[in-house]
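A short reminder: the numbers here are calculations on the coordinates, not readings from a lab. Not measured: the values here are computed from a predicted model. Neighbour counts are summed over all protein chains in view; Cβ atoms, including those assigned to glycine, are modelled from backbone coordinates with ideal geometry.
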Amino acid sequence: PTIYVITPTYTRFVQKAELTRLAQTFLHVPQLHWILVEDSPHKTPLVSGFLASSGLAYTHLHTPTPRDRKLQEGDPSWLKPRGAEQRNEGLRWLREDRRGQPGADTQLGVVYFADDDNTYSLKLFEEMRGTQRVSVWPVGLVGGMRYERPVVEAGKVVRFHTGWRPSRPFPLDMAGFAVSLKLVIANQDACFDGDAPMGFLESSFLQGLVTMDELEPKAENCTKVLVWHTRTEKPKMKREEALQKQGLGSDTAVEV
Ligand code: UGA
Ligand code: MN
């Protein structure tokens with residue numbers, strides 16, 4: 001089965017660096033189709049050029065997060081969900097526009113939501129490729145913990161190891177599950193709720209799709225960490241700004 005990876009992304013200094021890291025991981029994964037969705041009212045030249053030269057099979061989409069749902073400068077990062085509209089746009093493409101792609105005549109496939117800043121082991125993709133409905137595994141460095149994970153007993157998920165509101169329907173990070181394309185297509189209404197309270201974005205999507213006892217544990221019964229919720233530091237631009245004031249800023253024609 002093809003793995004369809006949906007990635008929301010937005011313009012910032014580290015964007016091209018993040019996308020380069022991601023693309024060069026994906027280049028090692030057989031049968032991967034990257035659905036990159038820009039949080040923007042238009043496709044940007046940076047991302048268009050990047051994808052064209054990436055060597056990957058891809059679909060380039062865009063949709064802006066409505067202003068009232070978007071984090072503003074100075075807001076704490078947890079205030080509003082990020083990437084919800086973009087993931088929904090990726091789902092819409094899979095359900096409506098996938099025609100014309102190799103393998104589009106079948107419903108064989110796996111859908112994974114990969115944020116642009118996390119770190120992914122190649123082993124993760126082989127684990128998820130066998131997903132029947134919804135597969136799950138641990139995520140490292142998330143939720144203020146070394147890892148969060150589903151707890152497996154006798155091959156079934158019985159609860160979740162998480163430090164925060166374990167009563168959530170699915171207390172899983174976005175990076176911790178994959179869904180079969182068949183299930184995505186059979187449940188046309190399943191989508192991410194951009195108004196979901198903190199920590200409930202993943203549940204808003206999974207709730208309608210699956211129950212806890214149907215989850216398929218991967219990564220050796222959820223004992224191995226194959227994805228890390230890394231976050232990239234925002235670069236400081238103090239010198240750049242000082243030089244710009246003197247007319248000596250870096251050449252804006254150089255893409256970074
Ligand atoms: C955590 C989870 O890992 C995310 O999957 C979840 O979407 C997020 O919380 C949330 O609660 O909304 P975190 O590292 O805090 O993630 O979020 P980011 O990595 O900053 O953003 C998640 C994705 O959305 C990234 O791919 C990012 O590029 C994208 N994004 C972020 C946008 O498309 N627009 C934005 O304005 C911000
Ligand atoms: Mn992140």
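Worth pointing out:
- Dipole of the chain, positive direction: furthest Cα of 103, 51, 163, with charges on the beta-carbon: 163
- Rounded D (µm²/s) - the range 33-120, Kirkwood Rh over Cα pairs, Stokes-Einstein at 4 °C, 1.567 mPa s: 88
- Burial order of peptide ranges 76-89, 94-107 (average beta-carbon count within 10 Å, highest first): 76-89, 94-107
- Applying D = kT/(6 pi eta Rh) to the range 153-197, where Rh is the Kirkwood radius over alpha-carbon pairs, T corresponds to 25 °C and eta to 0.890 mPa s, the Stokes-Einstein value obtained is 188 µm²/s.
- Charge sum, other residues only, whose C-beta stays under 14 Å from residue 74's C-beta, Lys/Arg counted +1 and Asp/Glu -1: +1
- Zero-based 10 Å bins, Cα pair distances in the chain, whole percents: 7, 29, 37, 19, 6, 2, 0
- Gyration tensor (alpha-carbon) shape descriptor, the range 157-228, a/c threshold 1.5: oblate
- Taking all Cα pairs closer than 8 Å and separated by 6 or more residues, the relative contact order of the chain comes to 23 percent.
- Dimensionless Rg/Rh of the range 198-256 - Kirkwood Rh, Rg from C-alpha atoms: 1.34
- Mean sequence separation of contacting Cα pairs (under 8 Å, at least six apart), scaled by the length of the range 1-144, corresponds to a relative contact order of 34 percent.
- Per-q log10 I(q)/I(0), the range 107-190, q = 0.16, 0.21, 0.26 Å⁻¹ (Debye; single scatterer per alpha-carbon; no solvent): -0.68, -1.12, -1.38
- Placed amide H near residue 161: partners under 5 Å, 5+ positions off or other chain: 149, 151
- In units of the rule-of-thumb radius 2.2 N^0.38 Å, the range 49-100 shows an alpha carbon radius of gyration of 1.46.
- Whole-Hz ³J(HN,Hα) from phi, Karplus 6.51 cos²θ - 1.76 cosθ + 1.60, for the range 100-116, glycine and proline x: x, 8, x, x, 6, 6, 10, 9, 7, x, 10, 10, 10, 9, 10, 5, 7
- Euclidean distance between Cα centres, the range 1-33 to the range 71-119, Å: 12
- Relative contact order [Cα under 8 Å, 6+ residues apart], the range 1-80, whole percent: 31
- For the chain, a crude dipole built from +1 on the beta carbon of Lys and Arg and -1 on the beta carbon of Asp and Glu, taken about the Cα centre, is about 320 debye to the nearest 20.
- Legend: residue pairs 43/123; 80/234; 80/123; 80/236; 16/70, Cα-Cα distance threshold 29 Å; pairs beyond threshold, 43/123; 80/123.
- Dipole check for the range 133-256: with +1 at the C-beta of Lys and Arg, -1 at the C-beta of Asp and Glu, and the Cα centre as origin, the magnitude is about 420 Debye.
- Per-selection Rg to Rh, the range 1-152 - Cα, Kirkwood hydrodynamic radius: 0.95
- Debye log10 I(q)/I(0) for the range 122-256, one point scatterer per Cα, at q = 0.16, 0.21 Å⁻¹: -0.80, -1.29
- Spin-label proximity, residue 185 to the range 1-26 - amide N less than 12 Å from point 7 Å beyond Cα toward beta carbon: 2
- In the chain, taking the dipole from charged Cβ atoms about the Cα centre, the farthest positive-side position among 1, 137, 197 is held by 137.
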